[in-house]
Amino acid sequence: MGILKVKYSELLKVSVEQPFYSNSICPKYTTEPRPDFEIVPTTECAALMKRLDLLFKKDDHAGGFSVWSSIAGTSGGNELLKFKPRATDILTFYLLLRNPSFVNFNELPNGTTAQVYYFTNQLIDPAAPRDDLHLSFDATGVKAGDLTKRVTGTYTYNSMVPVAPGTARVKHVATGQEAQPKSVVTEAGKSYLLFDLSSFAPGPCQLLVSAVVTDEFYYTGITQDTPVFGIISLSLDAALQPNYRVVEADGSITPQRPGYRLHFTNRQTLWRYRMILQPNSPLYLEMAALTPPDRTDFINRLNVISNDATILFNNNPISDTVFEFISASPLYLREKYISTTAGPNTALRLTLKRYLGDPRESEVRSSLPYPATDRIDASASPTIYSDILLTL
């Protein structure tokens, strides 16, 4: 009895990059990596992969995944897919957030629950290398431009001007399918439109009024049981830009497969150490014994000193018992902090010192803690502080 052999080749791969981490992927681990995201194919994507005989493989070591396809011979020296995809076929994956602190230590805009990040390979950037193709709108990383409105179930739109009957429609971008409004109510010079999109597959949509794009959104389907942080949409259309293209017009794949990337830039914050002196602390008692001029000089010679010459702090006294030391410039948040001037792989060291520039210069407290990433209020953008409380 013969043995059926089926050859699978890698079709594409996607990786998530986070410079916050020392390995640029996920928290330090000893056995198995645990990325901040769970990436899963949508129901429609799973059905499409079954039809095209594609396999989805997680790759936690790269923080992403790969897709493999069955092969049936060659065409012009390239491997030929067993099943040729249609121009409208799109592989769609959900990004499910595992780590809530992710939004603190990465530089992200303040989105809302009515929005979702949308990443696609339908981009035009001829300079993007085949093995490092950005899926974000901006080549440097994920930004506000990647956020889009999320619509679940019915879609409503409030127009500030009257909409004439028969001039409004919603278009499904990938398939060209259109839906007319179920109702249009016009009163007081405004129009209220309601659309039933249940016949649409999930995907990007546009509202057109008098043939003009008036609104854009991502339709997620009738129900959404799991909170989705982002959507990765990978078109198999042979008409894509050559470097972003997955499949050629004849259904073949080139020797160099596309490698897509999501880059999340780690956040910069102003580090703010707040020091509170207790009435019985040695530092408080030392200050209390000084004359007013000497106390002023003492305060001016108190500061946080780093073993990185590029990191400086400003002394901002609040009162005789409360002091703030704020970094002179924003610092990148990292899983592991290394001094850039103290030698290779030297840990960043921050020390509270007194009598700076004086023969009596000495340490008050060494090895000050780094900021915790789960206590950052990113809503205060663009000036965001990392607060560290010290009690002496």
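Quick notes on this structure:
- The stretch 133-278: C-alpha gyration tensor shape, a/c 1.5 cut-off, then a/b vs b/c: oblate
- DSSP beta bridges in the chain [antiparallel fraction, %, rounded to 5]: 80 percent
- For Glu107, the residues whose amide H sits under 5 Å from its own are Thr265, Asn266, Arg267, ignoring neighbours fewer than 5 places away on the same chain, with H placed 1.01 Å from N.
- Prolate/oblate/rounded call for the stretch 34-112, Cα gyration tensor, a/c under 1.5 rounded: prolate
- Net charge, Val364 excluded, C-beta distance under 9 Å - Lys, Arg +1, Asp, Glu -1: +2
- In the chain, Cα pairs under 8 Å separated by at least six residues give a relative contact order of 18 percent.
- Positive contributions from Lys and Arg (+1) and negative ones from Asp and Glu (-1), summed over other residues with Cβ under 11 Å from the Cβ of Ile25, come out at -3.
- A dipole drawn for the stretch 212-309 from +1 and -1 charges on Cβ atoms has a positive end, and of Leu302, Gln241, Pro282 the residue lying farthest that way is Pro282.
- Label of the coordinate-derived value, Cα Rg over 2.2 N^0.38 Å, listed as (i) 1.32; (ii) 0.89; (iii) 0.97: (i)
- Translational diffusion of the stretch 316-392 was estimated from the Stokes-Einstein equation, with Rh taken as the Kirkwood radius over Cα pairs; at 37 °C and 0.692 mPa s the coefficient is 221 µm²/s.
- About the centre of its Cα atoms, the stretch 48-199 shows a dipole size close to 520 debye [charges on the beta carbon of Lys, Arg (+1) and Asp, Glu (-1) only; nearest 20 debye].
- Our estimate of slack between Asp358 and Thr140, defined as 0.36 nm per intervening residue step minus the Cα-Cα distance, is 73.9 nm.
- Only the Cβ atoms of Lys and Arg (+1) and of Asp and Glu (-1) were treated as charged; on that basis the dipole of the stretch 104-194 about its Cα centre amounts to roughly 480 debye.
- Note: relative contact order over the stretch 229-378, using C-alpha pairs below 8 Å and six or more positions apart, is 19 percent.
- Cβ-based net charge around Asn300, under 11 Å, with every Lys or Arg adding one and every Asp or Glu removing one: 0
- The HN-Hα couplings worked out from phi for the stretch 270-275 by the Karplus form 6.51 cos²θ - 1.76 cosθ + 1.60 (θ = phi - 60°) are 7, 7, 10, 8, 10, 10 Hz, whole numbers, x standing for Gly and Pro.
- Note on Thr310 and Glu178: the extension gain reaches 41.8 nm, defined as 0.36 nm multiplied by sequence separation minus the Cα-Cα distance.
- For the chain, accessible area per residue (1.4 Å probe, heavy atoms of protein chains only), Å²: 51 Å²
- For the stretch 179-185, 3J(HN,Hα) per residue [Karplus equation, 6.51 cos²θ - 1.76 cosθ + 1.60, θ = phi - 60°, Hz, x = Gly/Pro]: 10, 8, x, 6, 7, 9, 10
- Here the chain is assigned +1 on the Cβ of each Lys and Arg and -1 on the Cβ of each Asp and Glu. Its dipole about the Cα centre then comes out at about 560 debye.
- Given Lys57/Lys82; Lys5/Lys84; Lys57/Lys149, the pairs whose alpha carbons are separated by over 24 Å: Lys57/Lys149
- When a 1.4 Å probe is rolled over the protein heavy atoms, the share of accessible surface on the chain that falls to carbon and sulfur comes to 53 percent.
- Where labels lie 7 Å past Cα in the beta-carbon direction, separation of Ser379 and Ile326 in nm: 2.0 nm
- Listed values for the stretch 350-364 are Karplus-derived 3J(HN,Hα) couplings in whole Hz (6.51 cos²θ - 1.76 cosθ + 1.60, θ = phi - 60°), namely 10, 9, 8, 10, 10, 6, 4, x, 10, x, 7, 3, 7, 7, 9, and x replaces Gly and Pro.
- Distance between the stretch 162-216 and the stretch 86-113 - C-alpha centres, whole angstrom: 26 Å
- Each label point was placed 7 Å from the Cα along the Cα-to-Cβ direction; for Arg34 and Glu286 their separation is 4.3 nm.
- Between Ala114 and Ala46, the simple label model (points 7 Å from Cα in the Cβ direction) yields a spacing of 3.1 nm.
- Helix 43-52 axis versus longest C-alpha principal axis of the chain: approximately 50°, rounded to the nearest ten.
- Considering only Phe137, Phe37, Phe195, the mean-square fluctuation computed in a Gaussian network model of the chain, springs between alpha carbons under 10 angstrom, is largest for Phe195.
The values are calculated or read from the model by the stated rules, or taken from the named source; none is laboratory data. For clarity, every value in this text was computed on a predicted model and none was experimentally measured. With ideal geometry, Cβ positions are generated from the backbone for all residues, glycine too; neighbour counts draw on all protein chains shown. Ligands, DNA and RNA are excluded from the accessible area calculation, which covers all protein heavy atoms including side chains. Shrake-Rupley method; radii C 1.70, N 1.55, O 1.52, S 1.80 Å.
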